[in-house]
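The values are calculated or read from the model by the stated rules, or taken from the named source; none is laboratory data. Note that the structure is a prediction, hence the values are computed from the model and not measured. Because the Cβ atoms are built from the backbone with ideal geometry, glycine has one as well, and the counts that use them run over all protein chains shown. Ligands, DNA and RNA are stripped out before the accessible areas are found, and what is left, the full protein with its side chains, is counted by its heavy atoms. Shrake-Rupley method; radii C 1.70, N 1.55, O 1.52, S 1.80 Å.
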Amino acid sequence: MLRKEVVTLATLRTRSSGLLLHPTSLPGEHGSGDLGRGAHAFVDFLSRAKQAWWQMLPVAPPGYGESPYSAQSAFAGSPWLVSFEPLVDAKWLEPEAIANPPIFSSDRVDFAPMSTHREQLLRLAHAAFIRKQNEAQLEKFCAREAHWLEDFSLFRALKKAHGGAAWTKWEAPMRNRDAKALARARFDLEEDIAFEKFVQWNFDLQWRTLRAHAKSKGVALIGDIPIFVAHDSADVWQHPENFFLGESGEPTFVAGVPPDYFSATGQRWGNPLYRWKTLKKSGYAWWVARFKAMLSRFDAVRIDHFIGFQRYWRIPGSDATAVNGKWMKGPSADFFATVERELGKLPLIAEDLGAATPAVFRLRDQFAFPGIKILQFAFGTDANADSFLPHNYRRPAVVYTGTHDNDTTVGWFHDRGESGTRSSRQIEHEQQAVLAYLGVDDGSEINWRMIREAMHSIANLSIFPVQDVLGLGSEARMNRPGEGAGNWSWRLQPGQLGENHAERLASLATIYGRAR
């Protein structure tokens, strides 16, 4: 009898490596990448490249500015990621319906027409689903996820009915969740609510299929949790008691960071702040549910702005800048101890960048969460630059050449001041420093030299944006922090990531003991 091969996935304590790519950046015919063939093909590429991890940005329904970090729900999946081929297989779409999509850009996501096109096909599939009356499996899904799905589906239907307006602009009974008003809305908006549940069910089905395929190939998935949630989200509307809100629902205090060298007025993010004392009384139930949902999708999770669990910058909601903010104490160790009592050891990556203090690092180390190292940060004049040099790493760390918020490695190295973030003198200093550290005379293939340096480091895990594997310039940046438009749209073109890239990654992973 043949023995079935057992596939063991890497953990955050395993010496390994992987790539960072958001699913919308995958190739595809319908305006953006999704969970279909392109995602499965990328998993196959990772396997051939001997990479153990696929890291993504948040896969929730994007909100303001199409940002996955400003999502409409901390629990739901993005409708943009639902693939149409499985809907054809299920007989809910005719092959002809998806055979000739509109012509979309292959290198950028054009969000408005893409979203319209995808919703039209999803509604067509839902109508066929209703006619065929195949609802038993959907009902099981709805029962299992009712704690967030009921209100999320109603939230989405109400936003549509209000022309996309924020929930604070709805009529008072709806805004304040009056029971009779909500019951009436559920009756009046029954069709739209059913549609939203149908979409989330299909996201869940396709996600489980993708994750099973990834596991069969030895590829683990890394997700991303932003510590704060968007104000215009189902989470805040459903649980206003968990946030600092006024009578009209507007935040009385918002998140951000204080003034620093880069900004005289700081950064006002605008997310409502948590009432941590209220959350503690419930045993942090909402957060426990959030982590549970994330760990049902991912094998490890990066937690954005980890610093905020130790201390956070509280800005009056009426202020236009972050100048008048104040440092407040976060829930710290009590929070993570409570969550781990409920769910067990959390496989978290602590994004500990920014105004981190020794207390932040102690909290990180108390729960054995690996921190983050950005190789691009190692060669400047910042006081913390030395901590990003590979010879100063510890094993429990994740090293990136750069992240979604950074320029690409090629763009960063060859910057001539166009980015506006560094002076020509700073750029020249960093160029000389990185060449000296790498022991090379010029910046040719700087992307692969930085990938090799990260692979060579002692850090358990090294992650590289696909843009760095391809050696792309600043035109391929995923995000420019502080700019409200033009982000999140970069796409990988068909055939752009080839076998030469897989072979080169596999070779480096083998040389430096990271191969799967």
Original post:
Do we have any residue at all in the stretch 80-92 that's crowded, with 24+ Cβ neighbours inside 10 Å, under 27 Å from residue 350 (Cβ atoms) and of a type outside the set (Asp, Glu)?
Top reply: yes
**OP:** Test residue 401 against the criterion of being in contact (Cβ under 8 Å) with a residue 12 or more places away in the chain, buried (at least 22 other Cβ atoms within 10 Å of the Cβ) and within 24 Å of residue 479 (Cα to Cα), and give yes or no.
**Re:** yes
Subject >> Failed item, numbered, when residue 451 is tested on (1) farther than 26 Å from residue 381 by Cβ; (2) in contact (Cβ under 8 Å) with a residue 24 or more places away in the chain; (3) not polar (S, T, N, Q) >> reply: (1)
Subject >> Within the stretch 350-385, considering residues that are charged (D, E, K, R) and closer than 29 Å to residue 435 by Cα, the one most open to solvent (accessible area, probe 1.4 Å) >> reply: 382
Original post:
Which of the residues spanning the stretch 347-360 are in contact with a strand residue (DSSP E or B) (Cβ under 8 Å, 6 or more places away or on another chain) and either under 12 Å from residue 311 (Cα atoms) or in a loop (DSSP other than H, G, I, E, B) (or both)?
Top reply: 347, 351, 352, 353, 354, 355, 357, 359, 360
**OP:** Within the stretch 404-450, track down each residue that is assigned to a helix (DSSP H, G or I), open to solvent by 40 Å² or more (accessible area, probe 1.4 Å) and under 18 Å from residue 463 (Cα atoms).
**Re:** 449
Subject >> Residue check for residue 145: closer than 25 Å to residue 179 by Cα and open to solvent by 70 Å² or more (accessible area, probe 1.4 Å) >> reply: no
Subject >> Candidate set from the stretch 93-112 (those that are in a loop (DSSP other than H, G, I, E, B) and free of Cβ contacts under 8 Å to residues at least 24 places away in the same chain); member that is least open to solvent (accessible area, probe 1.4 Å) >> reply: 94
Original post:
Of the residues 242, 271, which single one is open to solvent by 10 Å² or more (accessible area, probe 1.4 Å), touching a strand residue (DSSP E or B) at 6+ places or on another chain (Cβ under 9 Å) and within 23 Å of residue 56 (Cα to Cα)?
Top reply: 271
Original post:
Just to be sure, is residue 513 free of Cβ contacts under 8 Å to residues at least 40 places away in the same chain, in a loop (DSSP other than H, G, I, E, B) and either open to solvent by 80 Å² or more (accessible area, probe 1.4 Å) or not acidic (Asp, Glu) (or both)?
Top reply: no
